[in-house]
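**Q** Sharing a structure here in structure tokens format.
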Amino acid sequence: MASGVKPRVKAPKKASAGEVVTIKTLISHKMESGQRKDSSGNVIPRSIINRFTCDFNGENVIDVVLAPAISTNPYFEFDATIPEAGDLKFTWYDDDGDVYEETKSVAVG
Amino acid sequence: AMALLPLSAFAQADPNAELVGAPDDFLAGADAAAGDLTLTAPEIAENGNTVPISVDAPGAVEVRVYALGNPTPGVATFRFGPLAGSQAASTRIRLAGTQDVQAIAKMADGSYQTAMKTVKVTIGGCGG
Amino acid sequence: GNWARLAAQQSLTQDQLLQFDTFGNVSLIHVTDIHAQLMPIYFREPSVNIGVGGNRGAVPHVTGSDFRKLYGIEDGSRSHYALSSGDFSALAQAYGKVGGMDRVATVVNAIRADRPDALLLDGGDTWHGSYTCYHSEGQDMVNVMNGLKPDAMTFHWEFTLGTDRVTELVEGLPFAALGQNIFDAEWDEPSELFKPYQFFERGGVKIAVIGQAFPYMPIANPRWMFPEFSFGIRDENMQAMVDEVRAQGAELVVCLSHNGFDVDKKMASKVTGIDVILTGHTHDALPEPVLVGETILIASGSNGKFVSRVDLDVRDGRMMGFRHKLIPIFSDVIAPDPQMATLIEEQRAPYKADLEEVIGQTDSLLYRRGNFNGTWDDLICDALLSEREADIAMSPGVRWGPSLIPGDDITREDIWNVTSMTYGKAYRSEMTGEFIKVILEDVADNIFNPDPYYQQGGDMVRIGGMGYRCDVNKPQGERISDMVLLSTGEAIDPAKNYVVAGWASVNEGTEGPQIWDVVENHIRKQGTVSIQPRDNVEVVGA
Ligand SMILES: [Mn+2]
Ligand SMILES: [Mn+2]
């Protein structure tokens, strides 16, 4: 699955200190549930993103556990408090051990 | 900037976090009442494979979402960190058919709240 | 006969039909659900239109003589013919065809002569439903509507042209394309192509028109044709838009909606601050507005058969009063607008020979509207059963499609008027008896769920070759019973496979001949079609 997995994030580039901002994330991933069968009747093995986290300057914003019932191309929207200038770090954990990261800097002023 | 880190299997999720489980696993015998928790979902899903849902649970530390009619009910666990701007989140989920979606929130004081919404998944048809 | 027709013509002039004591300071003109009907047609209103839950027995769920009694309409009158069912073939002979966009243009121009800055609003289902519309991918309707100069439009079937074509046409529109509930599916944000609302300054009044597209597009129509878009009722966003336009100084808030009547009624009870909802989608024609709280609902019919005029008195940022007229477009009474007639002729010219080819005749009334059956659909089901060699036929319960009266030729254009769509392939597949029941239950709940927000505004899927009983008041899963295969008289076996032919599948990759070809082949073999209303559905609880 490591090929073609593409995270995308919508986050503001600027905020005022202490502001609550809305963040949206998408990652292209088939989220194979492990419940489907192929044409010869064999179960297609589960292959999903099983965890997603967002941190700001090392402090946690949200930590999500994903089950196979999360749709293809997992989407999340949530709010973060921005206490100071710094980096939003987004991390997606794949069943196959791969980890995908994305960073967005937020200026304060 | 986006970086793809080909890390090995060490970089796994917290093993305790992996299971969403079923409502009874989370409640462990406790009761859940209606409260400030809201669960938003469409009356009719445009597509059962991608149904938008939102939870909003002021004062919660953790919210779990279940699709009670799926082969396994667990959908997601949301844990809110110190920099969460609200205890609210949205995602998109798979529903195997018309069913109840349930959210259960664990509050900071250890109590539980719950909210339920029926989502209709229809074969689709025709119209005016 | 002819005498009756002559008498009828003498009894009404264009001036009488359009007579209106101009009122207040704002005029709205509403057309909706034209379904690409450029020419005069016959259109029989439904005799069965069941309301459920709180809408049981409420308009528009009143038909035939009950409807005439409710509105004080004389039996056999022009209003009887235009607005209700009963004696349709005879009255159609007497009063002639209805609609025609050249006649609609005459009416719009006449209203603009009274009130030059009247707003013309199109409720959608405009770029769909005919041979010329299909072959020009909506261009004929865009050209004709541009000639009519509307101020805004909202959408439903237009999306079945596919994202690329819809985008191309919408980007070229010289008027506002509105839909507060049209969202980008990927990021769940308002679509950039469609604005939620448009402001107009008319008669010194600041008017906001908010668009509401058909909420259940990806369910009722193939979502693979427009996967970039998400819809839904989104009444919370509607309230936000109403509040936003009020905050910007709107003195009159008009919602141009394609929700369907009962959905609009519920939305009007939940969203505050809308003065007028111009409803569409369910094809109802009501001679008087329906009041919900302080909101008036206007229903203007379909297929170019009616134009609504609403005059409003808006003072001090409030709607103080209104005057309304639902104008039936009697095509023998209203003179065609010559400019529009020429424009229509130009759209049809490239296809003229194909349109006019006579395929057969009918000695029966062919109509569609009704919750369960229509003779047009019975004919389509017969075509599917015989041409596709099936046990059971299914035809979608759409509400568009004009009627033909006994003695009419059936042209290719007539067949396309009731079948044309971008996903018209006639499939043939095996289904178990159990699955057939699941389909019927699913569709029935989309019509008879007591909560209007679960209703999609169509009619029941039409069934050929099978009978059944439907108890409209039961919950989903319990409405359908007594399914019988008509060819043998045997009960449908849940475990047995049946060959089912149908069309308008929302699934991508559906294979089979186009439905209009199936129907054309069938009619050619028949020569003259003879088909009486059927009673293969027993309806309980209406
Ligand atoms: Mn329509
Ligand atoms: Mn419609």
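**Q** Under the condition of being outside any helix (DSSP H, G or I), away from ligand 1 (no atom under 12 Å from the Cβ) and not charged (D, E, K, R), which residue from region C:117-142 is farthest from residue C:284 (Cα to Cα)?
**A** It comes out as C:136.
**Q** Could you tell me which of the residues C:209, C:142 is without any contact (Cβ under 8 Å) to a residue 60 or more places away in the chain, more than 16 Å from ligand 2 (Cβ to nearest atom) and among the β-branched types (Val, Ile, Thr)?
**A** So the residue among C:209, C:142 that is without any contact (Cβ under 8 Å) to a residue 60 or more places away in the chain, more than 16 Å from ligand 2 (Cβ to nearest atom) and among the β-branched types (Val, Ile, Thr) is C:142.
**Q** Could I ask something else about it? So which residues in region B:61-99 are facing another protein chain (nearest Cβ under 8 Å) and of a type in the set (Gly, Ala, Ser)?
**A** Of everything in region B:61-99, those that are facing another protein chain (nearest Cβ under 8 Å) and of a type in the set (Gly, Ala, Ser) turn out to be B:67, B:74, B:76, B:81, B:84, B:85, B:86, B:88, B:89, B:90.
**Q** I'm trying to understand the selection: among the residues of region A:82-99, which are facing chain B (nearest Cβ under 7 Å) and surrounded by 19 or more Cβ atoms within 10 Å (Cβ to Cβ)?
**A** Answer for region A:82-99, where residues must be facing chain B (nearest Cβ under 7 Å) and surrounded by 19 or more Cβ atoms within 10 Å (Cβ to Cβ): A:93, A:98, A:99.
**Q** In region C:346-389, how many residues are among the hydrophobic types (A, V, I, L, M, F, W, C), touching a strand residue (DSSP E or B) at 6+ places or on another chain (Cβ under 7 Å) and farther than 18 Å from residue C:410 by Cβ?
**A** Matching residues across region C:346-389 total 2.
**Q** Also, I was wondering about something else. Would you check which residues across region A:7-33 are exposed (fewer than 14 other Cβ atoms within 10 Å of the Cβ) and within 11 Å of chain B (Cβ to nearest Cβ) and list them?
**A** Residues satisfying the conditions are A:18, A:20.
**Q** Which pairs turn up if I take residues in region C:449-465 that are in contact (Cβ under 8 Å) with a residue 40 or more places away in the chain and look for partners that are β-branched (Val, Ile, Thr) and part of a loop (DSSP other than H, G, I, E, B) with beta carbon separation below 7 Å, at least 6 apart in sequence or on another chain?
**A** As it stands, the answer is C:450/C:52; C:453/C:233; C:457/C:282; C:458/C:398, since those pairs meet every condition given.
**Q** Evaluate the following for residue B:81: is it modelled with pLDDT of 95 or more and touching a Cys at 6+ places or on another chain (Cβ under 9 Å)?
**A** It is true that residue B:81 is modelled with pLDDT of 95 or more and touching a Cys at 6+ places or on another chain (Cβ under 9 Å).
**Q** Can you name the residue in region B:51-105 that is in contact with a Phe, Trp or Tyr (Cβ under 8 Å, 6 or more places away or on another chain) and assigned to a loop (DSSP other than H, G, I, E, B) and, of all such residues, is nearest to residue C:506 (Cα to Cα)?
**A** Ranking the candidates gives B:73 first.
**Q** Let me ask something additional. Which members of region C:155-171 meet the condition of being more than 14 Å from chain B (Cβ to nearest Cβ) and either within 16 Å of ligand 2 (Cβ to nearest atom) or not in a loop (DSSP other than H, G, I, E, B) (or both)?
**A** Within region C:155-171, C:161, C:163, C:164, C:165, C:166, C:167, C:168, C:169, C:170, C:171 meet the criteria.
**Q** In region C:219-261, what residues are surrounded by fewer than 18 Cβ atoms within 10 Å (Cβ to Cβ), charged (D, E, K, R) and in a helix (DSSP H, G or I)?
**A** Answer for region C:219-261, where residues must be surrounded by fewer than 18 Cβ atoms within 10 Å (Cβ to Cβ), charged (D, E, K, R) and in a helix (DSSP H, G or I): C:236, C:243, C:244, C:246.
**Q** Quickly run through region B:19-50 and pick out the residues that are away from chain C (no Cβ under 14 Å), outside any loop (DSSP other than H, G, I, E, B) and within 12 Å of the chain's Cα centre (by Cα).
**A** If the condition is that a residue be away from chain C (no Cβ under 14 Å), outside any loop (DSSP other than H, G, I, E, B) and within 12 Å of the chain's Cα centre (by Cα), then B:23, B:39 are the ones that fit.
**Q** With the structure loaded, tell me whether residue C:362 is more than 16 Å from ligand 1 (Cβ to nearest atom), in contact with a Pro (Cβ under 7 Å, 6 or more places away or on another chain) and either away from chain B (no Cβ under 14 Å) or not basic (Lys, Arg) (or both) or whether it fails that test.
**A** Criteria met by residue C:362.
**Q** Among the residues of region C:332-341, are any crowded, with 24+ Cβ neighbours inside 10 Å and within 16 Å of ligand 2 (Cβ to nearest atom)?
**A** Looking through region C:332-341, none of the residues is crowded, with 24+ Cβ neighbours inside 10 Å and within 16 Å of ligand 2 (Cβ to nearest atom).
**Q** Starting from region C:29-48, keep only residues that are in contact (Cβ under 8 Å) with a residue 60 or more places away in the chain, then list their pairs with residues that are basic (Lys, Arg) and within 14 Å of ligand 2 (Cβ to nearest atom) whose Cβ atoms are within a distance under 7 Å, requiring at least 6 positions of separation or different chains.
**A** As it stands, the answer is C:44/C:369; C:45/C:369; C:46/C:369, since those pairs meet every condition given.
**Q** Looking at region A:37-70, which of its residues are surrounded by fewer than 21 Cβ atoms within 10 Å (Cβ to Cβ) and closer than 18 Å to residue B:51 by Cα?
**A** Those that are surrounded by fewer than 21 Cβ atoms within 10 Å (Cβ to Cβ) and closer than 18 Å to residue B:51 by Cα: none in region A:37-70.
**Q** Which of the numbered conditions does residue C:294 fail, given that it passes all the others? Conditions: (1) out of contact with any strand residue (DSSP E or B) (no Cβ under 9 Å at 6 or more places or on another chain); (2) over 20 Å from residue C:131 (Cβ atoms); (3) of a type outside the set (S, T, N, Q).
**A** So the condition that residue C:294 fails would be (1).
**Q** Pairs only if they're at least six apart or on different chains, beta carbon under 8 angstrom, first in region C:276-289 and of a type in the set (S, T, N, Q), second within 11 Å of ligand 1 (Cβ to nearest atom) and assigned to a loop (DSSP other than H, G, I, E, B); list them, first residue then second.
**A** C:279/C:32; C:279/C:123; C:279/C:260; C:282/B:128; C:282/C:260; C:282/C:399; C:282/C:457
**Q** Need pairs with beta-carbon distance below 7 Å; first residue within 16 Å of residue C:201 (Cβ to Cβ) and within region C:107-127, second within 16 Å of ligand 1 (Cβ to nearest atom); sequence gap 6+ or separate chains.
**A** The qualifying pairs are C:121/C:30; C:121/C:256; C:121/C:278.
**Q** Mind checking whether some residue in region C:262-271 is at positive phi, buried (at least 24 other Cβ atoms within 10 Å of the Cβ) and within 14 Å of ligand 1 (Cβ to nearest atom)?
**A** Looking for residues that are at positive phi, buried (at least 24 other Cβ atoms within 10 Å of the Cβ) and within 14 Å of ligand 1 (Cβ to nearest atom), one finds none in region C:262-271, hence no.
**Q** While we're looking at this one, here's another question. What number of residues within region C:290-305 are within 13 Å of chain B (Cβ to nearest Cβ) and more than 20 Å from the chain's Cα centre (by Cα)?
**A** Of the residues in region C:290-305, 0 are within 13 Å of chain B (Cβ to nearest Cβ) and more than 20 Å from the chain's Cα centre (by Cα).
**Q** So, one more: Answer yes if at least one residue in region C:196-217 is assigned to a helix (DSSP H, G or I) and surrounded by 23 or more Cβ atoms within 10 Å (Cβ to Cβ), and no otherwise.
**A** yes
**Q** Please work out if residue B:114 is closer than 30 Å to residue C:459 by Cα, surrounded by fewer than 23 Cβ atoms within 10 Å (Cβ to Cβ) and touching a strand residue (DSSP E or B) at 6+ places or on another chain (Cβ under 6 Å).
**A** In short, no.
**Q** Hey, another quick one. Considering only residues that are part of a loop (DSSP other than H, G, I, E, B) and within 27 Å of residue C:87 (Cα to Cα), which ones fall in region C:337-367?
**A** C:363, C:364, C:365, C:367
**Q** Take the residues in region C:143-157 that are touching a strand residue (DSSP E or B) at 6+ places or on another chain (Cβ under 9 Å) and within 16 Å of ligand 1 (Cβ to nearest atom), then tell me which one is nearest to residue C:199 (Cα to Cα).
**A** C:153
**Q** Mind counting the residues in region C:239-265 that are away from ligand 2 (no atom under 16 Å from the Cβ) and within 21 Å of residue C:125 (Cα to Cα)?
**A** 2
**Q** Could you tell me which residue of region C:272-297 is farthest from residue C:57 (Cα to Cα), considering only residues that are small (Gly, Ala, Ser) and away from ligand 1 (no atom under 16 Å from the Cβ)?
**A** C:273
**Q** Might you let me know whether region C:278-289 holds any residue that is within 16 Å of ligand 2 (Cβ to nearest atom) and away from chain B (no Cβ under 14 Å)?
**A** yes
The values are calculated or read from the model by the stated rules, or taken from the named source; none is laboratory data. Note that this is a predicted model, so its numbers are computed, not measured. Neighbour counts run over all protein chains shown; Cβ positions are idealised from the backbone, glycine included.
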